[in-house]
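The values are calculated or read from the model by the stated rules, or taken from the named source; none is laboratory data. From a predicted model like this one, the values you see are computed outputs, not experimental measurements. Note that we place each Cβ from the backbone using ideal geometry, even for glycine, and neighbour counts take in every protein chain shown.
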Amino acid sequence: MTRARRFTLDTPAGPRHAEMRVTDIAGIIALRHAILRAPLPRDTAHFDGDDAPTTRHIGVFLLDADTDNIDNIDNIDNANDADPAPGDNVGCATFMLNNWRDAPAWQLRGMATRADLRGCGVGSAMLHFARAVLTDVAPHVTQLWCNARVPAAPFYEKLGWTIASDEFVIPTAGPHFRMTAVLASENDE
Ligand SMILES: CC(C)(COP(=O)(O)OP(=O)(O)OC[C@H]1O[C@@H](n2cnc3c(N)ncnc32)[C@H](O)[C@@H]1OP(=O)(O)O)[C@@H](O)C(=O)NCCC(=O)NCCS
């Protein structure tokens, strides 16, 4: 079973060690809210399906510079702190089983990286990690889709996603495209 993967972020302030792992909604909700829903109330950051047994939440958490200890995460509510600290949740992505054009598919929701760590590989690492995680849950489901914010569309395109709709507006979150991708196997790289 795929549970965690460690990697190094190449940040402007130097390398930071991080662990990416499957977590629960409590582990990521503060970051999801801060990046994707603030200043709306925290409740608006909860999605139908967050607690479904097949839903998978992936979080990236900073590790201590000198230790491998990730057990004592007590900073998950610090999405707005000035400096990211060990234990902070700095990336989040949620995958829910939700049909695409009447066929079984994974819907990617709530994808976000803490603002000061964007462009350091957090987002792409989560999408790569998701392959193994999702294959464990539903081996035959390979279709991915999401409602992508228009400014984020080039990020998804870089990772092989394709725009599959005209632009449309979600009132709480602005202009979007629907985008799709196929979950590649590890051997396809
Ligand atoms: C979209 C988002 C999750 C990307 O996360 P990230 O951690 O910055 O992504 P990565 O660092 O892995 O970026 C991978 C590549 O995509 C590029 N990239 C990231 N965001 C981009 C964007 N908006 N436009 C163009 N390129 C982008 C990176 O520069 C990097 O390029 P490289 O491989 O040539 O170095 C992040 O920008 C974010 O949280 N945005 C605000 C919230 C949001 O819009 N979420 C998506 C909702 S659908």
statement: When every residue in the range 31-54 that is within 14 Å of the ligand (Cβ to nearest atom), touching a residue at least 40 places away in the same chain (Cβ under 8 Å) and not aromatic (Phe, Trp, Tyr) is compared, the one nearest to residue 115 (Cα to Cα) is 35
- prompt: Quick one: in the range 89-119, which of the residues that are surrounded by fewer than 23 Cβ atoms within 10 Å (Cβ to Cβ) and part of a loop (DSSP other than H, G, I, E, B) is nearest to the chain's Cα centre (by Cα)?
  reply: 118
task: Give the number of residues within the range 23-41 that are assigned to a loop (DSSP other than H, G, I, E, B) and within 15 Å of residue 95 (Cα to Cα).
output: 1
query: When you go through (1) at pLDDT below 95; (2) more than 24 Å from residue 41 (Cα to Cα); (3) in contact with a helix residue (DSSP H, G or I) (Cβ under 6 Å, 6 or more places away or on another chain); (4) hydrophobic (A, V, I, L, M, F, W, C) one by one for residue 79, which number turns out not to apply?
result: (2)
message: List the residue pairs whose Cβ atoms are under 6 Å apart, where the first residue sits in the range 152-176 and is farther than 23 Å from residue 118 by Cα, the second is modelled with pLDDT of 95 or more and among the polar types (S, T, N, Q), and the two are 6 or more positions apart or on different chains.
response: 164/180
- prompt: Quick one: would you say residue 113 is in contact with a strand residue (DSSP E or B) (Cβ under 7 Å, 6 or more places away or on another chain), within 18 Å of residue 6 (Cβ to Cβ) and not aliphatic (A, V, I, L, M)?
  reply: yes
task: Please work out which residue is nearest to the ligand (Cβ to nearest atom), limiting yourself to the range 125-157 and to residues that are of a type outside the set (A, V, I, L, M) and touching a helix residue (DSSP H, G or I) at 6+ places or on another chain (Cβ under 8 Å).
output: 155
